[in-house]
Amino acid sequence: MSAVIDDYENRELLLSIRGVETFYGKIQALRGVDVDVYRGEIVTLIGANGAGKSTLMMTICGSPQARSGQIVYRGDDITKLPTHDIMSRSIAQSPEGRRIFSRMTVMENLQMGAILEDPKDFQSGLDKVFELFPRLKERRNQRGGTLSGGEQQMLAIGRALMSRPKLLLLDEPSLGLAPLIVKQIFAAIGELNRTEGLTVFLVEQNAFHALRLAHRGYVMVNGSITMSGTGKELLSREEVRSAYLEGGAH
Amino acid sequence: METTNQPTASNRPEGAELESEARRDAMQGEPPFTEAPPEDSRFVRSLKEAGITAALVGALTVFFFIFRTDIGSGGLDLTLRPELWLVWMGIAFGARFLLSYFIFRAEEPITRYFKRPSASRRKPLPIGKIFGVAMLIVAIFLPVLLDTFLPRQNRYLLDLSILILTYVMLGWGLNIVVGLAGLLDLGYVAFYAVGAYSFALLSTNFDLGFWVCLPMAGLFAALWGIMLGFPVLRLRGDYLAIVTLAFGEIIRVVLLNWYEFTGGPNGLLGIPKPTLFGLEFSRGDDGFAAYFGIDYDPIQRFVFLYYIILALALLTNFVTMRMRKLPVGRAWEALREDEIACRALGINTVNVKLSAFATGAMFGGFAGSFFATRQGFISPESFTFIESAIILAIVVLGGLGSQLGVVIASVVMIGGIELLRNLTVLEAVFGAGFDPTQYRMLIFGLAMVAIMVWKPRGLISTRIPSVFYKEKKKIGADLVSQGEGH
């Protein structure tokens, strides 16, 4: 479990989401969402299927764009910027369903992650990813599509890390993975946060693991935030336990 | 009640044992089973099967081959052709016998040699590479080879080679758009037309030479590629295909109807021939032959054209291969795989798509201006949809994204169709007046179906990664999800 952060007044507000509303056509998916992410912390967003978690993640990335509200990243309003512009501002995302390039090798996938970076930094970035996920090093010449689910998730995170992000957005990294692999992936995320001070915004259905890992958490129901607090607080709340954790804690 | 308690043969232990013994005996073929009849030898069985096949063929074709009716004076003339019938039965017999003897009934079918040896047993030869280099060498020395071995058909074969190379170049150009970037383009011929008309109009109106106009034509085509690219940026797959198809037709219809500018259906005449540093390939005193003090021969111009298109095609290939290793080329390939992931990595997919369209269109434009200078005359008729279809077929049959596959497919499709013209042998079989070229579309279709059944991802369906960590490894395409990234 991560330590509680108590020096918020000294920390930079990396990402600030204020009153964001997102629509798919006429259907409102987000109803005025407020989320803050401070530098160096792991923030998780939990909620049921269809609550709007992934929509919030995609709205941060600008696809779809928020109809109203404001998203500020490191002092810049990124609400109406195109996706590629947002993603080249030291934000990296490991999208839902991993979306690795299945026909390309592990090396090529990692290269794609660093496509906007200075080629001189490629080797050091590669070494870091291989250190974090030694399995990827073993599989480096293998086609992405032939990796197992857990390895593909490692590759998706590794690819995101290749761009040396300040903020890492992870959309359901535990999706469809065996509990043991989920533990490995979450341990790697925690390690990145501790050793590199990487800020992580994590969208998860696996509330138990996510809240144990995160410094702070938000609970989303029907497109609005209903609860927030430190991971420990949320874990002990009866509503959270009954709605998201019953039978899920292992 | 009494009967249910009565022990039966199967629920008593010893009874079950007896039963299983009986079953074991039965399995070993003891009575009451009769012995299987002794098997015929491989030769006899093959003969029998061949006989059945021949009889079937004979029965089915008896009326078609033996009796031939022609309209004669006062009714039908009947001619008997039993020898044709016998020949076909013989062919069926022989073919079936060979198939049965060597493949179906053989202990080790000879087809085992065609199967891919497993990777663990031996290191596979870099066949693709060797084949590619061999083809390149043949291509470079082709005019010499033709002159030495087939001097009588020299001109015809050289002309055919030029045609094939034009399609190779077009295939390589389209391969950038379809094979690498995964954007299905059914209107590629539009860029071919833009290149051809750009060159023709520039040269006839402003008296410019081929080498000046060539880059300009490529530039114009690239511009049109971008113009097509903009409206279709949001489209994928089928929708993109339909819009590009419409674009190809629009260009052709405009060329057809803008009479004052393009000459309409009459086309454009008098397009100049390319020169070698200002030397024309003509009989005159300032021609190529006179300058080098050799005898004039019209073939010299063909050889020159051949080397131009070879150089242009190789340039296309070279640029594509280099592009694949650059970030933009890698982004093309990634775009084909997953557009959303590309955006998530900060890639501007608009620019990537437009660059793919523009690069592909540029090579189409080069090929178009070469076409114009070779023909000396162009009209909208040369740029119909069937051209787009043939180029796309070459790319798909060769294997999307495979450079060597495009070459093989071009040689087979373009060369193969031409070859059909020379198959006078078939006339003997199907009767005089049988024109094999009439059936070329049928054969075309059959070939496509056959390739798609046996090699659903094209003749060469592996891609070589653009970056290696110590060793090269080919990647089979068979397990890759289809339709992604279109």
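The values are calculated or read from the model by the stated rules, or taken from the named source; none is laboratory data. For clarity, every value in this text was computed on a predicted model and none was experimentally measured. For neighbour counting, all protein chains shown are included, and Cβ atoms are generated from backbone atoms with ideal geometry for every residue, glycine included.
Some points to look at:
- Qualifying residue in segment A:70-86 (condition: more than 14 Å from chain B (Cβ to nearest Cβ) and either of a type in the set (Gly, Ala, Ser) or touching a Lys or Arg at 6+ places or on another chain (Cβ under 6 Å) (or both)): yes
- Exclusive hit being modelled with pLDDT under 90 and among the small types (Gly, Ala, Ser), set A:Gly97, A:Gly62: A:Gly97
- Annotation note: of A:Thr105, A:Thr79, A:Thr22, A:Thr83, the sole residue that is more than 15 Å from the chain's Cα centre (by Cα), within 15 Å of B:Leu345 (Cα to Cα) and of a type in the set (Ser, Thr, Tyr) is A:Thr83.
- Residue check, B:Leu214 under 18 Å from B:Ile309 (Cα atoms), over 24 Å from the mean Cα position of the chain (by Cα) and not polar (S, T, N, Q): yes
- A Cβ distance below 7 Å, combined with a sequence gap of six or more or placement on separate chains, defines the contacts here; from segment B:92-112, residues that are assigned to a loop (DSSP other than H, G, I, E, B) reach residues that are exposed (fewer than 15 other Cβ atoms within 10 Å of the Cβ) in the pairs B:Pro109/B:Ile103.
- Only listed residue being within 14 Å of another protein chain (Cβ to nearest Cβ), more than 17 Å from the chain's Cα centre (by Cα) and of a type outside the set (S, T, N, Q), chosen from A:Ile91, A:Ile115: A:Ile115
- Set B:Ala334, B:Ala311, B:Ala358: member being away from chain A (no Cβ under 14 Å), out of contact with any Lys or Arg (no Cβ under 9 Å at 6 or more places or on another chain) and buried (at least 22 other Cβ atoms within 10 Å of the Cβ): B:Ala358
- Hits in segment B:368-378 - residues which are surrounded by fewer than 19 Cβ atoms within 10 Å (Cβ to Cβ) and not aromatic (Phe, Trp, Tyr): B:Gln375, B:Gly376
- If you go through segment B:385-415 and keep only what is out of contact with any Asp or Glu (no Cβ under 9 Å at 6 or more places or on another chain), surrounded by fewer than 24 Cβ atoms within 10 Å (Cβ to Cβ) and more than 25 Å from B:Lys129 (Cβ to Cβ), you end up with B:Ile386, B:Glu387, B:Ala389, B:Ile390, B:Ala393.
- First in segment B:269-284 and touching a residue at least 12 places away in the same chain (Cβ under 8 Å), second anywhere and aliphatic (A, V, I, L, M) and surrounded by 11 or more Cβ atoms within 10 Å (Cβ to Cβ), Cβ under 8 Å, 6 or more apart: B:Ile271/B:Ala200; B:Ile271/B:Ala372; B:Ile271/B:Ile378; B:Pro274/B:Leu305; B:Pro274/B:Ile308; B:Phe281/B:Ala289; B:Arg283/B:Ala289
- Count of segment B:47-66 residues which are surrounded by 14 or more Cβ atoms within 10 Å (Cβ to Cβ), among the hydrophobic types (A, V, I, L, M, F, W, C) and free of Cβ contacts under 8 Å to residues at least 40 places away in the same chain: 3
- Sole exception among (1) farther than 18 Å from B:Val319 by Cβ; (2) surrounded by 13 or more Cβ atoms within 10 Å (Cβ to Cβ); (3) at pLDDT 85 or above for B:Val138, by number: (2)
- If you go through segment A:95-107 and keep only what is at negative phi and facing another protein chain (nearest Cβ under 8 Å), you end up with A:Pro95, A:Ile100, A:Phe101, A:Ser102, A:Arg103, A:Met104, A:Thr105, A:Met107.
- Scanning segment A:131-142 for residues that are touching a Gly at 6+ places or on another chain (Cβ under 8 Å) and within 12 Å of another protein chain (Cβ to nearest Cβ) yields one hit, A:Leu136.
- Residue match in segment B:276-285 (condition: within 14 Å of another protein chain (Cβ to nearest Cβ) and at negative phi): no
- Screening the candidates A:Arg39, A:Arg98, A:Arg31, A:Arg89 for the property of being in contact with a Gly (Cβ under 9 Å, 6 or more places away or on another chain), within 30 Å of B:Ile464 (Cα to Cα) and of a type in the set (D, E, K, R) yields one hit, A:Arg98.
- Taken as a whole, the structure places A:Leu110 among residues that are crowded, with 23+ Cβ neighbours inside 10 Å, within 12 Å of chain B (Cβ to nearest Cβ) and either part of a helix (DSSP H, G or I) or more than 16 Å from the chain's Cα centre (by Cα) (or both).
- When every residue of segment A:104-116 is checked against the conditions, none turns out to be more than 22 Å from A:Arg140 (Cβ to Cβ) and small (Gly, Ala, Ser).
- Subset of segment B:122-171 [among the β-branched types (Val, Ile, Thr) and without any contact (Cβ under 8 Å) to a residue 60 or more places away in the chain]: B:Ile127, B:Ile130, B:Val133, B:Ile137, B:Val138, B:Val144, B:Thr148
- Scanning segment A:193-209 for residues that are closer than 10 Å to A:Val43 by Cβ and of a type outside the set (Val, Ile, Thr) gives A:Phe201, A:Leu202.
- Residues that are surrounded by fewer than 16 Cβ atoms within 10 Å (Cβ to Cβ), of a type in the set (Asp, Glu) and in contact (Cβ under 8 Å) with a residue 40 or more places away in the chain within segment A:34-86 comprise just one, A:Asp34.
- Hits in segment A:103-119 (condition: of a type outside the set (A, V, I, L, M) and modelled with pLDDT of 90 or more): A:Thr105, A:Glu108, A:Asn109, A:Gln111, A:Gly113
- Meets criteria (closer than 29 Å to B:Gly132 by Cβ and within 14 Å of another protein chain (Cβ to nearest Cβ)) for B:Ser369: no
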